[in-house]
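Colleague: Provided herewith is a single structure, encoded as structure tokens, for subsequent inquiry.
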Amino acid sequence: MPYSEQQVTSVTPWSDKTFSFTTTRPADFHFENGEFVTIGLRLDNKLVARAYSLASANDADHLEFLSIHVPDGPLTSHLVHIREGDSVWVNSKPTGSLTHRHVRPGRNLYMLATGTGLAPFMSLVLDPTLRATHENIILVHTVRTTPELAYRERLEAWAKAHPRLRYVPTVTREPFELTARGSDLFRSGALAAHLGLPAPDPEYDSAMLCGNPDMIREMTVHLKSTGWTLTNHQGIGNFTVEKAFVLHTT
Ligand SMILES: Cc1cc2nc3c(=O)[nH]c(=O)nc-3n(C[C@H](O)[C@H](O)[C@H](O)COP(=O)(O)OP(=O)(O)OC[C@H]3O[C@@H](n4cnc5c(N)ncnc54)[C@H](O)[C@@H]3O)c2cc1C
């Protein structure tokens, strides 16, 4: 039986488009920080399941997920209504390309997220292996409106407690301290300047990307053309990517 029935233990609404929730964790469920797993709801006796990044750390006693609400989405139009005690079905086989095994050790590790693409980085920013193999971890989260900055207070507290973790929220459609897209800040060098760090250099630094497929595409083109190597079946490079969702064109 690849799916196990888990109970929702809390739900947090963030914006009209995003919410997060925690569930119980199956005793035999193991994963690497940064991986995703398929989760679903039983609707009319049929399992409707989608890929979700694990936002909780792999040593937590619960599971946590950050979700989009697509108004006519087959899963999320129902998932948005879940409450404590409801059942969610969790697949037993997590996987993904955003783990500590997917980047070489180095100086600064840049994590660039848009929207719900933040989720895998919630489990990764305090990952003990990444913290041991990189001097600084820089998490840039870009959203359209301020309420979409999910987990902002938690991240600010973690950054305060761990000076080698830098958290950079940016908001593109409302007044905010930084209103540029994280990927533009990275490419122009403004991000490193803002943080007082040397410009990103493929010889010393690494990057992980998760979010909008267009952001991933643009950043991949940019990084490859400036000397960075994508981790793939041919070997471990200095950047790795995961799309936070797939664009369906119907
Ligand atoms: C590897 C992977 C990891 C994923 N992790 C997450 C996650 O942690 N959280 C999450 O909310 N979703 C995540 N997704 C997307 C998720 O699998 C579903 O697509 C999403 O939950 C919507 O499901 P749905 O059935 O309601 O609509 P779907 O029919 O699946 O999607 C409808 C449309 O909504 C848009 N869309 C879907 N997901 C998103 C999103 N996250 N942000 C913006 N637009 C979106 C796309 O245009 C898509 O074509 C992930 C997808 C992949 C491939």
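Coordinate-derived values only; no laboratory data. This one's a predicted model, so the numbers in the text were calculated from it and none came from an experiment. Note that each Cβ is placed from the backbone with ideal geometry, even for glycine, and that neighbours are counted across all protein chains shown.
Colleague: Looking at the chain, send over the antiparallel percent of its DSSP beta bridges, to the nearest 5.
Modeller: 55 percent
Colleague: Working out 0.36 nm times the residue gap between THR145 and ASP28, then minus their Cα-Cα distance, what length gain in nm do you get to one decimal?
Modeller: Value of the extension gain: 38.3 nm.
Colleague: Computed FRET efficiency, Cβ-Cβ of ASN232 and ALA180, R0 35 Å: what is it to the nearest 0.05?
Modeller: 0.75
Colleague: Right, next: If all Cα-Cα distances of the chain are sorted into 5 Å bins from 0 onward, what percent lands in each bin, rounded to whole numbers?
Modeller: Spelled out bin by bin, the chain gives 1, 6, 14, 18, 20, 16, 12, 7, 4, 1, 0, 0 percent.
Colleague: Right, here's the next one. Between VAL70 and residues 5 or more places away or on another chain, which pairs have amide H atoms under 5 Å apart, with H built 1.01 Å from N, and which residues are they?
Modeller: Sorted by chain and number, the residues that satisfy this are THR76, SER77.
Colleague: With a sphere of radius 10 Å drawn around the Cβ of MET122, what net charge do the other residues whose Cβ falls strictly inside it have (Lys, Arg +1; Asp, Glu -1)?
Modeller: Local charge sum for MET122: 0.
Colleague: Taking Cα atoms, how many degrees apart are the long axis of helix 152-161 and the longest axis of the chain, rounded to 10 and kept between 0 and 90?
Modeller: Roughly 50 degrees, rounded to the nearest 10.
Colleague: Using the per-residue mean of other Cβ atoms lying within 10 Å as a proxy for protection, in what order, highest first, do the peptides 134-140, 41-47 fall?
Modeller: Taking the mean over residues of other Cβ atoms within 10 Å, the ranking is 134-140, 41-47.
Colleague: Mind checking the angle between helix 213-225 and the chain's longest principal axis? C-alpha axes, 0 to 90 degrees, to the nearest 10.
Modeller: Result, in degrees: 30.
Colleague: Using a Gaussian network model on the chain with a 10 Å cutoff between Cα atoms, which of SER206, SER67, SER188 fluctuates the most?
Modeller: Fluctuation is largest for SER188.
Colleague: Determine the gain in length on full extension of the stretch ALA157-ALA132; use 0.36 nm per residue of separation and subtract their C-alpha separation, reporting nm with one decimal. Mind showing how you got there, number by number?
Modeller: On the way: separation 25, 0.36 × 25 = 9.00 nm, distance 2.01 nm.
Taking 0.36 nm per residue and subtracting the Cα distance, the gain is 7.0 nm.
Colleague: For the residues VAL143, VAL103, what sequence is obtained by ranking on other C-beta atoms within 10 Å, fewest first?
Modeller: The fewest-first ordering by Cβ neighbours comes to VAL103, VAL143.
Colleague: Mind checking which of GLY34, GLY237, GLY182 has the largest fluctuation in a GNM of the chain, springs on alpha carbons under 10 Å?
Modeller: So, out of GLY34, GLY237, GLY182, the one fluctuating most is GLY237.
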